[in-house]
1. If you average 1/r over every pair of different alpha-carbon atoms in segment 43-193 and take one over that average, what Kirkwood value in Å do you get?
2. Compute the acute angle (0 to 90°) between the alpha-carbon long axis of helix 89-107 and the principal axis of greatest extent of the alpha-carbon atoms of the chain; round to the nearest 10°.
3. For the chain, take the longest principal axis of its alpha carbons; what is the angle in degrees between that and the long axis of helix 48-81, to the nearest 10 within 0 to 90?
4. Quick check on the chain: helices-only [θ] at 222 nm, where DSSP H runs of length 4 and up contribute -39,500 (n - 2.57) each and the sum goes over total residues. Nearest 500, please.
5. So if we plug the beta-carbon distance of residue 3 and residue 159 into 1/(1 + (r/R0)^6) with R0 = 25 Å, what FRET efficiency do we get, rounded to 0.05?
6. Compute the angle between helix 13-24 and the longest alpha-carbon principal axis of the chain, please, reported from 0 to 90 degrees and rounded to the nearest 10.
7. Using 0.36 nm per residue of separation minus the Cα-Cα distance, give me the extension gain between residue 129 and residue 93 in nm, one decimal.
8. Figure the gain on full extension for residue 191 and residue 49 (residue separation times 0.36 nm, minus the Cα-Cα span) and round it to one decimal in nm.
């Protein structure tokens, strides 16, 4: 798979488009999109439009890949269950926090948050497609354009910066996730009163 990834990367931004489709559709890609986009940004200091074009193609590819995974899960569940079964505990939890659990791993490059599991859940639990699409697009635009911008700003030291500050970035992502969960629960309590 590493040779396949390297071959696609030789096609530049168009290879990134295909890689992001495959990665988001559930096929693991050894070259992480995040490091790739930061690297493209770092190499594009004198031509930032190249980095932003690559980020745009990564957003489009990731969106297409996530849509494929979402639609596959949606139709797979319909075929397997032949209807709409009684919601289980995880399904009720997902209906409450579902798109938040899709947005957080889609916007942050933190490995322990399994985006694919939540995309599959969104499809399987029949989340409205338009809401799912808006969440994925918003999260990927923020993430991929942010990484391209970061690469441009940091130049040669972009990857080193991410490696040195990886735990800090994870901590910020975790804190943001906990803050969002707290706000959702606070809102639930206010509505219950």
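1. About 17.2 Å for segment 43-193.
2. Helix 89-107 and the main axis of the chain meet at about 10 degrees.
3. Helix 48-81 sits roughly 30 degrees off the main axis of the chain.
4. Roughly -27000 deg cm²/dmol at 222 nm, from the helical runs in the chain.
5. Approximately 0.70, to the nearest 0.05.
6. Helix 13-24 sits at roughly 30 degrees to that axis.
7. 11.1 nm
8. Contour length minus the Cα-Cα distance gives 46.5 nm.
Bear in mind these aren't lab numbers, they're just calculated from the coordinates by the rules spelled out. Values in this document were obtained by computation on a predicted structure and should not be read as measured data. Ideal geometry is used to build each Cβ from the backbone, glycine not excepted, and the neighbour counts take in all protein chains shown.
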